[in-house]
Structure formats: structure tokens, C-alpha cells
Amino acid sequence: MMNSSENKSLARIWRGVILALTMAVASFWAQTGAHAQMEVDITQGSLKPLPVAIPVFGGASLNDQKLGADIAGVVVADLERSGLFKLVDRAAYIERIGNLSQAPRFSDWRTINAQALVVGRVTREASGRLRAEFRLWDIFAGKQLAGQQFFTQGRNWRRVGHLIADAVYERLTGEKGYFDTRIVYVDETGPKNARVKRLAIMDQDGRNLRMLTRGGALVLTPRFSPTSQEITYLSYEDGRPRVYLLNIETGQKEIVGAFPNMSFAPRFSPDGKNIIMSLQQGGNANIFMMDLQSRRTFRLTNTPAIDTAPSFSPDGRRIVFESDRSGKQQLYVMNSDGSGQKRISQGEGIYSTPVWSPRGDLIAFTKKRGPNFLIGVVKPDGSGERVLTEGFHNEGPTWAPNGRVLMFFRESPGEGGGPNLYTIDLTGYNERAVTTPSFGSDPAWSPLIN
Amino acid sequence: MRRGLIISLGLHLLILISAVAVFPFSSERPPPRPTLLPVDLVSKAEFTQLKAGQRKAKDEQAKAKKKLEKAKKKAAKKSKPSKVKSVKAPAPKPKKAENPPKKPKKTVKAKPKPKPKKKVKKPKPKPKKVAARPKKTTARKKKEAFNPDRIAALLNKVPDAGPKSPAAPEPKKKPSPAKGRSDGRDLTMTFNEIDALRTKISQCWNPPVGGLGADAIKVRLRMQLRPDGSLSREPQVMNRAGSPYFQAAADAAVRAVMACQPYELPAKKFALWRDMILNFDPREMFGG
């Protein structure tokens, strides 16, 4: 009896030993196997534009096909102008896209080195309504990345193109597009000493231009409201500078106030409820905020200097402005109640017209350095200042709603010279002229329309 | 008494087994021996361009050496063996040495030297491009109309970022070669083999740039390959994040790996590269 119990405990011990042995061996193999997998860090990539194939969009009738080609043309122009995409030559396309609901032959598109494919179709319904659909394919992963349908009136076909370009841009870059936006600017005609200045609005690609004022009075510095429906601008309608609020859709105009010696129009706060401006009093100028409903003003700065050109951060908590309190114009940041004023520009030169990026990470500015004017960006804490473009006279940057592209105007020298609009992205290399029928200055970029 | 003895024996055995199981493993990864390595100061791109020739040369090194020795004996006095040793000749050259007795002078290993030199010189335009970048940032007056190909220089506009290039990252970033297996397959991936792979994928990788925080997005991808270097299955994204930026970055990484296949990797080392992890990290591109 005693023997059998001893045997049992002996067996238990041996079982324990064998179990421990098995576990030790298993752990040994697991560890040796685990570190067999090789890891490689890829820290550099190609920054060439992504090759995208965009065949003309199909359509049932000849008219639809023509419209399809036009819409595809808008998509191509938008994406190429961004500098991030490059159209694969259409002559190289092997597959002819017929049915949109079928997956394309990926191998045909791989052969011509397209990395993404945008296909679309346009149909005009019996009611006259336009139906446009598109699909975005990842050629190498062989999967659909995006697909949407748009219904609209026929005259809005360009907007459909911009919306498709925005969807493609957003899916491939991860950030919001900026193609379905508009620009308000000052159209300038006539000789240099007697310029007629009118307020004009157009799509961001320069199309669908129309004039908002007749040119009877000088207009300056239009600014978009975050709602996209209204702009403020400064006008000397009867010789006195007044700030106007204009509804773009309805054409309704109202006076915000008469402000003698004002040189910049106010800017909206991000919620559209307040405006900030600088008001000159004697030899000084200070920054004020006005509640648009009550029309009450609050002083934010009080210095014996010229504080001007204020611009809100997108969260509405801070304001960047320029001031000559140190002897020459520099950039300053303060809280939206006027506290915590701090200089952020440290470089040589004179800084002006700061504008906070809609995504909050950068502040764009104009800087005079030697004989040249340049457009640059700096982080809100004053670090990382970069020059994007430099030349005879660059001025007045305004941000695209995604905070990746800036528009500004550049004055050309000489008797016949004048201002023209340009865009430049944050890389500083993708600079494009914006075509306008005559000279243009003081651009203001709208938020996305929808 | 007997029971206590058995327990004691059992425990001692357990300790012994544990020691046997654990110590060999830990001794499998000893600190690297301070061996003297011959170092040629050539650029990473030059290494990359040389990799094919070097790999082949390795395979035939033994044959070539034997033939060299034979040739040495018969060769003319002009031969300079010291040069032969330092030049890892491309594969074709040792083949030429197959008939050393007939043309001893040609087998003189000094001859292979010019060849590799040519090969090294070929890739030079690449480093030159890289070197030209900082100029663009300083000499902005020379800026011409937009050329999409010049986007590559964009990030060098950050003044304090200093010139960086895909071909010559900081040396400290160089990963160590993969560890060999203890099961007899004592193979490692050499720097230039890893570099060649990295360079190839880099050329196919079009990371989405400019997005807010895009520089901080890392994508960890598992790549599984067939012996012919093609993908045996679709690359798997091993990490996740909810932002659209991450989705775009992950898609770009998968596209790069798929577009770049097949990969030319040493067949002998298939066990090492059949299943690997690629870490796509664009921080350096943003001057981070």
C-alpha cells in the first residue's frame, strides 16, 4: 500500500519533470524561430507625382460623351495642378473602359505604369438632370478605393469635375481636397495711374469669373467668411473707407462701419460671429474685435505702435498680427482676449500680412528682404521659417482650405506691369500662374463650397 | 528519505535541463566579435549598383581563387596579386580566367580592376543629383518653371534640415544584417543586399506628403515572397490607425511593394527573406 503511494508520487514527479522539459524545449524553439524574421526600414521614398490614368468619361450619347470628356478634363487639370499627380499619356492606354461596374484589367494598366485609375460615366436624364459617376481603382492592390455618383443641373458640370478631383485627392493623399472652392480677388484694369478696381469671384482654377462690383469705387482686401456665403471688403464708395459685408449668392450688401484710416479689411473669426480689425488712432493703430450681431467692439492691443493685419487661428483661441513696436514690422501672436502677446518672427527683414493656416500648423506671411518681397511660412511658435517664393513684389498670401496651397499676387515691374495671381504649395516648387482676364490682386480663398 | 532523494534529484534535473535549454540560446547571440573588417568608402548607391556583380563573385570566389593560384604560377611577372584580392570582381571576370595557361597575362588579376571601377562610376549621376539639392534651396533666384520631377527636392527647403538623400542616409540608421540561423544555415544578409532591397522599394514608394502629421505615420508591412522574388501573397499591414492619412499611407506602402516585385535577392538566403517585415517611416524625408 505504502509502495503504491510512493510509486504514484514518483510518477507524478517524473510527469512534472517531463512537462518542464517539454516546456523548456518549446520555449527554446519559439525563441529561436521568433527572431528569424528580417526587418527592413524604408525611410526614403520617391517624391515624384503619382502616375494616374484618367480615360475620358463614357456616355450613352455623343453629347454625353463630349460632356464626359470635358468633366474628365477638369479632373485631370485639377489633379495635375496640385503637383502630386501626373496623367499617364492617354495614347498608351490598352483597355477601353466600357462597363463601369466591372473591374478593369489591372494588368493592362500595370503595363503602362499607372498606379491609380479614375473611370467615369456621364448620363443626362430625361428631366435634364446630369448624373455623373466615377470609380477610383488602385491598380497594384487591385481594389476600388472610392466611388461616387453626383446629380446636378447640366450647367454645374465643372463643379462635378472639381468634386470628383477632390474625392480622388482625398483618398490618395489622406487630406481634404481644395478644388471645389472659389477665389474672390480685386480685378484691375486700365493704366497704372488710373486703375479701375472691381471685386471679382471665380472658381479656384480661374473659370466661371464674374464681377461683384462695378468699379465705381476703390475696393481693397476682400476676406471670405468661414460660411463661404459672405465676404468683407474695404471700399471707398464716397471717398471714405467703409467695411462692407456682401452676400455672394444674394448680392445683398451692408455696411459694417466707417473706419477712417483703415488700410485692411477685417477678418472673420472661425465661427463667423466676430471680425477683427485694426483701427488707427493718431499715429498708432490697435487691434479690435467686433461682435457682428451687437456691433460692439473690444480693444485687444494698446500700444504706442502700429498693430495691424490680425488673423485668427482656426480654433479661435489665438491671433497673429504684425506690429512695429520693436522698431520694425514683426509678427506677434496673442490669445484671443489680447493677453500673452509674444513676438514670433526673428529673421532679418520686415514681416507683414500674416495669415494663419486653416489646419493650424503654419502662419503664412509676406516679408521684405533687401529689394525683394517673399512669401514664407513659419510655425506658430516662430520656429521653422521657410521661404516659398521670392521676387520683385510678392504679397497677400491666402490659404486653400486644406492648408497645403497658398495663393498670392505678384507685381510685375515696369510701366506696363501689374499684379497677377499665383498659387504655390508648401513644397515651394509647385508654383502656378492663375489665369485671369486682366490684372488681379488681393486674392481670398473660400472654404470648400459644400 | 527515498522520497526526499527523488524530489531533490528531480529538482536538480529540472535546473540542469533549464540551463541546457536556456544557455545555448543566449549563447547563440553573443556580442559581435570585434573582427577587423575591410572598409571601402563608397556611397550607398555605388554599393547598390555593384550588388549583382558582387553576389555572383561570391558564388564563384572559390573557383576563381583556385584558378588565380594556377594562373599566378604561370603568369607573367607583371601580375599584381594584391589588387586581385581587394577587388571583388564581377562574375564575368573569373570566367575569363578559365584558361589561365594560354593567356596568363589576361588572367593577371589586375585586369578586373578597371571593370569594377567603371561599374562604380555609372551610378555617379545619382549622388550628384542629391548633392545638387541644397543648391536649389539656397539659390532660389535660379528657380525655373515648375518641374514635377523636382518635387523630390522639396523637403530640403527646411533650412536647418541639412541635405539628406535617399542614397546616403545617416550611417547610424543602417540596420545590422540579419542574424544567421543556428541550424547550420549560417547565412546573413549583407549590407548591400539589404540596401539594394531598400533602394528598390524606395523608388516605388510614393508616400503621401504634406499632410498634417504625415511625417509621423509609420506603416509596418509583412511581405512574403516566393523563391523567384515575387509576392506569394498580398502584403499585410501589421499596424492600424483610424486617420485617413494612415489609410493613404498604408495604401501607398502596399502599392510600392506590389509594384516593385519581383525582388532580386540571393537564392541561397531564401530562408531569410521569404517572410520579412518592412517598416515604412517617412520621418527622414521631412527632415525629422
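Values computed for the structure shown
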item	result
All positions within the stretch B:207-216 that are open to solvent by 30 Å² or more (accessible area, probe 1.4 Å) and within 15 Å of B:Ala253 (Cα to Cα)	B:Asp215, B:Ala216
Residue satisfying condition, being open to solvent by less than 30 Å² (accessible area, probe 1.4 Å) and more than 19 Å from the chain's Cα centre (by Cα), within set A:Ala165, A:Ala126, A:Ala146	A:Ala146
Selection within the stretch B:203-218 - outside any helix (DSSP H, G or I), over 22 Å from B:Met258 (Cα atoms) and either without any contact (Cβ under 8 Å) to a residue 24 or more places away in the chain or more than 9 Å from every other protein chain (Cβ to nearest Cβ) (or both)	B:Gly210
Meets criteria (under 23 Å from A:Arg90 (Cβ atoms), in contact with a helix residue (DSSP H, G or I) (Cβ under 9 Å, 6 or more places away or on another chain), in a strand (DSSP E or B) and not charged (D, E, K, R)) for A:Leu172	no
Failed condition for B:Glu234, given (1) charged (D, E, K, R); (2) part of a loop (DSSP other than H, G, I, E, B); (3) more than 8 Å from chain A (Cβ to nearest Cβ)	(3)
Qualifying strands (runs of 3 or more DSSP E) (wholly inside the stretch A:288-327; at least 1 residues being open to solvent by 70 Å² or more (accessible area, probe 1.4 Å))	A:297-299, A:318-323
Scan of the stretch A:51-84 for residues that are open to solvent by 10 Å² or more (accessible area, probe 1.4 Å) and farther than 22 Å from A:Ala132 by Cα, ordered by number	A:Pro51, A:Arg81, A:Leu84
Residue in the stretch A:35-59 that is nearest to the chain's Cα centre (by Cα), counting only those that are among the aliphatic types (A, V, I, L, M), at the interface with chain B (Cβ under 7 Å from one of its Cβ atoms) and assigned to a strand (DSSP E or B)	A:Leu50
Residues (among the polar types (S, T, N, Q) and either modelled with pLDDT of 90 or more or not assigned by TED's automatic domain parsing to the domain that holds A:Glu80 (or both)) located in the stretch A:114-140	A:Gln115, A:Thr123
Residue selected from the stretch A:100-119 under the condition open to solvent by 50 Å² or more (accessible area, probe 1.4 Å) and out of contact with any strand residue (DSSP E or B) (no Cβ under 9 Å at 6 or more places or on another chain), by the criterion nearest to the other protein chains (Cβ to nearest Cβ)	A:Arg110
Test for A:Ile42: is it at pLDDT 90 or above and in contact with a Phe, Trp or Tyr (Cβ under 6 Å, 6 or more places away or on another chain)	yes
The stretch A:81-97, subset in contact (Cβ under 8 Å) with a residue 24 or more places away in the chain and assigned to a helix (DSSP H, G or I), residue nearest to A:Gly428 (Cα to Cα)	A:Arg81
From the options A:Gly417, A:Gly403, A:Gly391, residue that is at pLDDT below 90 and within 14 Å of chain B (Cβ to nearest Cβ)	A:Gly391
When residues of the stretch A:250-282 are limited to those that are among the small types (Gly, Ala, Ser) and open to solvent by 60 Å² or more (accessible area, probe 1.4 Å), the one modelled with the highest pLDDT	A:Gly282
Meets criteria (assigned by TED's automatic domain parsing to the domain that holds A:Ser225, free of Cβ contacts under 8 Å to residues at least 24 places away in the same chain and either in a helix (DSSP H, G or I) or surrounded by fewer than 18 Cβ atoms within 10 Å (Cβ to Cβ) (or both)) for A:Asn193	yes
When residues of the stretch A:123-140 are limited to those that are more than 19 Å from A:Leu87 (Cβ to Cβ) and not small (Gly, Ala, Ser), the one nearest to the other protein chains (Cβ to nearest Cβ)	A:Glu133
Unique residue being within 16 Å of the chain's Cα centre (by Cα) and facing chain A (nearest Cβ under 7 Å) when the list is B:Leu278, B:Leu265	B:Leu278
Search result, residues across the stretch A:168-184 that are open to solvent by less than 20 Å² (accessible area, probe 1.4 Å) and either more than 12 Å from every other protein chain (Cβ to nearest Cβ) or closer than 24 Å to A:Leu67 by Cα (or both)	A:Val168, A:Tyr169, A:Gly177, A:Tyr178, A:Phe179, A:Asp180, A:Thr181, A:Ile183, A:Val184
Where a residue in the stretch B:247-261 is more than 7 Å from chain A (Cβ to nearest Cβ) and its partner, wherever it lies, is part of a helix (DSSP H, G or I) and not charged (D, E, K, R), with Cβ under 6 Å and at least six apart	B:Ala256/B:Ile201; B:Ala256/B:Cys204; B:Cys260/B:Ile201; B:Cys260/B:Cys204
Test: residue in the stretch B:219-231 that is facing chain A (nearest Cβ under 9 Å), modelled with pLDDT of 85 or more and in a loop (DSSP other than H, G, I, E, B)	no
Pairs with Cβ under 6 Å, 6+ apart, first in the stretch A:383-398 and more than 17 Å from A:Phe264 (Cα to Cα), second basic (Lys, Arg) and open to solvent by less than 40 Å² (accessible area, probe 1.4 Å)	A:Arg386/B:Lys157; A:Glu390/B:Arg140
The stretch A:328-381: number of residues that are open to solvent by less than 60 Å² (accessible area, probe 1.4 Å) and charged (D, E, K, R)	3
Residues within the stretch A:222-240 that are crowded, with 18+ Cβ neighbours inside 10 Å and part of a loop (DSSP other than H, G, I, E, B), tallied	3
Any hit, the stretch B:240-257, residues being open to solvent by 30 Å² or more (accessible area, probe 1.4 Å) and either assigned to a strand (DSSP E or B) or farther than 30 Å from A:Gly360 by Cα (or both)	no
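The values are calculated or read from the model by the stated rules, or taken from the named source; none is laboratory data. Not measured: the values here are computed from a predicted model. Cβ coordinates were reconstructed from backbone atoms using ideal geometry, including for glycine residues, and neighbour counts include every protein chain displayed. Side chains included, ligands, DNA and RNA excluded: accessible areas come from the protein's heavy atoms. Shrake-Rupley method; radii C 1.70, N 1.55, O 1.52, S 1.80 Å.
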